[in-house]
Amino acid sequence: MNEAARTIPLSVRNRIAGEVTMTFDLGYYYGQHAPYLEDRETGAFINLLHENTYTYTVSETGDNHDRFVLNFYLVSTDLETPGADETDAGSSISIKSLSGKVLVSMSPELAQAENAMVEVYTIDGRKVDALPVRSSRTLLFLPNEKSVFIIRAVADKVVKSERVIYSGK
């Protein structure tokens, strides 16, 4: 794949109603794209490199061509790793996400830096938001779009980046 992202529909044929588990064997996958399973019915967005099974409930039997898609996103490293003049923050910066919100916690020393900033990028590197840090805890709301975002916190050339998956509302 040459593009930054690709979406591939995944069809399933359910013959019995009830619970079904899909298992993905990625033991020989060495691509430059991270694969994600998206369940369009429930909104689940699973990184298949970290979790290779997904269980869902079948309510209607038969063929379903619209419920699942496989999303492949090019792994971006320039935003996720500190630059030549930057240092990895380690545990002095923490990034946690839940339901479209992201909490960035910084040590008080870093939070007091004049240039302390939290930036939000799409997986393809487009900046969608930037907030100055005013205290040791910064809460931000992700754009209401299904996407993988990179949250990058910077203060005095100390950097921490994390990927956040948001499946929209």
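At a glance:
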{"item": "Total charge dipole magnitude, the chain, about the Cα centre, Cβ charges on Lys, Arg, Asp, Glu only, Debye to nearest 20", "result": "360"}
{"item": "5 Å binning of all Cα-Cα separations within region 87-166, expressed as whole percents from 0 upward", "result": "3, 18, 31, 25, 16, 7, 1"}
{"item": "Solvent exposure of region 4-74 as accessible area per residue, Å², 1.4 Å probe", "result": "63"}
{"item": "For region 4-74, radius of gyration divided by Kirkwood radius, i.e. Rg to Rh on alpha-carbons", "result": "0.98"}
{"item": "Dipole of region 4-74, positive end: most advanced residue of Ser59, Leu26, Ile16 [Cβ charges, Cα centre]", "result": "Leu26"}
{"item": "Accessible surface, region 87-166, averaged per residue in Å² (probe 1.4 Å)", "result": "52"}
{"item": "The chain, helix-only ellipticity at 222 nm - DSSP H runs n ≥ 4, -39,500 (n - 2.57), divided by all residues, nearest 500", "result": "-500 deg cm²/dmol"}
{"item": "Among (i) 60, 30, 24; (ii) 108, 49, 27; (iii) 59, 59, 24, the entry that matches Cα extents along the principal axes in Å as calculated here", "result": "(i)"}
{"item": "Dipole axis of the chain (+1 Lys, Arg; -1 Asp, Glu on Cβ), positive-most option in Asn71, Phe141, Thr87", "result": "Phe141"}
{"item": "³J(HN,Hα), Karplus 6.51/-1.76/1.60, whole Hz, each residue of region 22-30, x for Gly, Pro", "result": "9, 10, 10, 9, 10, x, 10, 8, 10"}
{"item": "Charge context of Val12, other residues only, Cβ under 14 angstrom, K/R +1, D/E -1", "result": "-3"}
{"item": "Accessible surface of the chain, 1.4 Å probe, proportion on carbon and sulfur as whole %", "result": "48"}
{"item": "Pairwise centroid distance, computed over Cα atoms, of region 6-59 with region 99-149, Å", "result": "29"}
{"item": "Magnitude of the charge dipole, region 1-57, Cβ model with Lys/Arg +1 and Asp/Glu -1, debye to 20", "result": "180"}
{"item": "Longest site-free stretch - the chain; sites: chymotrypsin sites (Phe, Trp or Tyr not before Pro), DSSP loop, at most 10 other Cβ within 10 Å", "result": "31-169"}
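The values are calculated or read from the model by the stated rules, or taken from the named source; none is laboratory data. Note that the coordinates shown come from a computational prediction; the quantities given were computed from them, not determined experimentally. Using ideal geometry, Cβ is built from the backbone for each residue, glycine included, and neighbour counts are taken over all protein chains shown. Remember, those area values only see protein heavy atoms, side chains included, never the ligands or the DNA or RNA. Shrake-Rupley method; radii C 1.70, N 1.55, O 1.52, S 1.80 Å.
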